[in-house]
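Here is the structure we will look at, set down as structure tokens.
The values are calculated or read from the model by the stated rules, or taken from the named source; none is laboratory data. Every value quoted in this text rests on a predicted model; they were computed, and no experiment measured them. We place every Cβ from the backbone using ideal geometry, glycine too, and count neighbours over all the protein chains shown. Areas reflect the complete protein model, heavy atoms only, side chains present, ligands, DNA and RNA absent. Shrake-Rupley method; radii C 1.70, N 1.55, O 1.52, S 1.80 Å.
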Amino acid sequence: MQVNYRYMGTSQVASNSQHTQVSFSPDTLRPPTFFVGELKNKLAFREAMSALHQVVISDMRFTPKNRDEYQRWLTEQEQTLLADLVSKQGKVKQQLNQVRDELAAMNRVASKIMAPFYQAQNQYFKYLYKHDIDAWYVLDPVITVHPDQVFFECFSEDESSYGKLSCSYEVFKNISDTEFGTTNIDYSEGLYNEFQKIRDYRDTQLKIDPDGFKVATSGQQDFAEKKIDLPDSWVRGFLQVSSAMTLPMVRLKMQPMDLYNICFKLRTKKERVGPRAMRFELTPGQAIKVILEPWGEEILCPRSIYQGDEPRSIRVWGRRRLHILERLLPIASHFEVCLLGDGMPSFYIADLGGMSFTLGLSGWSANDWSKMANFDLLASRAEVDSQTSAKVYQALFESQQQSANRLALQLGLDLNTVKSALAQYSQHGQVLYDMELDVYRIRHLCHEPIPLEQLRFNNEREEKALNFVNAGLVSIQKDQFNENGRYIAGQVLDNAVEHQSFISLDLDHRLVDGQCNCHFWHRNKLRQGPCEHMLALRQQTSNGSL
């Protein structure tokens, strides 16, 4: 998927002894979006933007050691040993010595010629990281101006971490220019370094440059254009985050000191073997307990009391990504931790007083949002006609942000119909769910709607499910409604093998439980989304769109 950006100049920070101006250069190919206002809490903004930068550069993927030098040395030694062995035969010793000398001379010349290449190869990514961090960014950060807040969004390099910084208008003063909308901003490593110079005693102005949209098109030399072949995984990852935010969660309120103790233990210990899980032991009315595996070390959080109604035990992986939050610990009043379940994503929302920082983590570092977390398949997927969907979208566009309940009352529509319509626009990248305030927001991820035909099938399971239904291979044995939602059981004929499956949907038509006798379900349960047989049951009964 190719995306074009055009920036007038570059984002920059200008500062002197009394004033600091943070000026972002927006994408001029999008509709005009701008904001100008002075920050009240400069230090909190600096630390939050720094944490957002840590999300962008985060890459927890395993990187094997470079053994090129060792392999070259081993090859040279093998040639030497072989030559020594053959030279003992006597009559060919002189000839072998001559050949060996010639080979050694050739190797020295080859090593001298290839040395710059091998050195550049080994240092390439380190050089990019230190000197040209922009080359690591596949997608520039997204910034959205709304009637009640300005928020930034970004994705990590390994696509396993999502960051969102929301700044309410309470943290600004002297707001002069605003135009609601979403745009990409030119964000560089140099800009991050300039953020570190923000001080509390200097007046700091945040400016999403409105002048970027007033330049004549003839001045092409003033624009920096980017044409990026955007991987589908990045776009799909943003869409998956919004879907995951709508699922039922266990919500905990944790104090910064308790999160600090967890990060401190992770800093002082290094696991050699698995499991590398962090287990939350939750008992109603008691302090939260966190068990770090494989050591079995218990961290008691006496400042954080579990307010739930029933005991729970939830394990999450990829815990070292929590270090992204360390810069926020001194300035956060508390954190809201949202857990979906064992091996499922988790969200950490830092309350920064007028600002909030949301860190979304996939089930584990290697299980990134785009490839393994099919949460759009678990979301409500009822059929909604195009006219009704357009009506819901227009009502949301007029207010920019609104809860699903208020939209349903305003339009006189069923709540599930409204949520399904909003889910459709979320899949197009035009709507974002705000889990902190429980509202839906207009947010155009790209300046054009995302083509769902290109992203429709994230994996072969979705395509297989649709093929099963179209071929008449799905048989429904039980379809019951109850006070908790809907229970569906049946069988799917897959390659002459009958698979027995069942799924449970809640009152919002979200898939909350299911089981199948196929290999995929026995291996992953629902941690990687439903199998193709469960998807086929759902498609057969609800006529929802895959």
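Data table
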read-out: Residue pairs meeting the criteria (Cβ under 7 Å; at least 6 apart or on separate chains; first assigned to a helix (DSSP H, G or I), in region 246-264; second crowded, with 20+ Cβ neighbours inside 10 Å); value: Pro256/Ala332; Pro256/Phe335; Asp258/Cys301; Asp258/Ser304; Leu259/Leu325; Leu259/Phe335; Ile262/Val290
read-out: When residues of region 353-365 are limited to those that are small (Gly, Ala, Ser) and either touching a helix residue (DSSP H, G or I) at 6+ places or on another chain (Cβ under 6 Å) or without any contact (Cβ under 8 Å) to a residue 60 or more places away in the chain (or both), the one most open to solvent (accessible area, probe 1.4 Å); value: Gly354
read-out: Flag for Gln427 being open to solvent by less than 70 Å² (accessible area, probe 1.4 Å) and within 25 Å of Ser346 (Cβ to Cβ); value: yes
read-out: Inter-residue pairs, beta-carbon under 6 Å, first free of Cβ contacts under 8 Å to residues at least 40 places away in the same chain and more than 10 Å from Val316 (Cβ to Cβ) and in region 331-352, second buried (at least 22 other Cβ atoms within 10 Å of the Cβ) and of a type in the set (Ser, Thr, Tyr), 6+ apart; value: none
read-out: Criterion violated by Trp521 - all others in (1) aromatic (Phe, Trp, Tyr); (2) within 31 Å of the chain's Cα centre (by Cα); (3) farther than 18 Å from Gly363 by Cα satisfied; value: (3)
read-out: Top-ranked residue in region 497-531 [being closer than 20 Å to Val241 by Cβ and in contact with a strand residue (DSSP E or B) (Cβ under 6 Å, 6 or more places away or on another chain); ranked as modelled with the highest pLDDT]; value: Pro530
read-out: Among the candidates Asp438, Asp494, residue that is charged (D, E, K, R), open to solvent by 70 Å² or more (accessible area, probe 1.4 Å) and modelled with pLDDT of 90 or more; value: Asp438
read-out: Test result for Asp101, open to solvent by 50 Å² or more (accessible area, probe 1.4 Å), out of contact with any strand residue (DSSP E or B) (no Cβ under 8 Å at 6 or more places or on another chain), modelled with pLDDT of 70 or more and within 30 Å of Thr358 (Cα to Cα); value: no
read-out: Thr20 over 28 Å from Leu329 (Cβ atoms), hydroxyl-bearing (Ser, Thr, Tyr) and modelled with pLDDT under 80; value: no
read-out: Residues of region 145-175 classified as outside any strand (DSSP E or B), over 18 Å from Leu328 (Cβ atoms) and open to solvent by less than 10 Å² (accessible area, probe 1.4 Å), total; value: 3
read-out: Subset of region 263-291 (residues that are of a type in the set (A, V, I, L, M) and either open to solvent by 10 Å² or more (accessible area, probe 1.4 Å) or more than 19 Å from Lys253 (Cα to Cα) (or both)); value: Leu266, Val273, Ala277, Ala287, Ile291
read-out: Selection count, region 292-312, where residues are open to solvent by less than 60 Å² (accessible area, probe 1.4 Å) and either in contact with a helix residue (DSSP H, G or I) (Cβ under 8 Å, 6 or more places away or on another chain) or in contact (Cβ under 8 Å) with a residue 12 or more places away in the chain (or both); value: 9
read-out: Of all residues in region 390-416 being part of a helix (DSSP H, G or I), modelled with pLDDT of 90 or more and polar (S, T, N, Q), the one that is least open to solvent (accessible area, probe 1.4 Å); value: Ser399
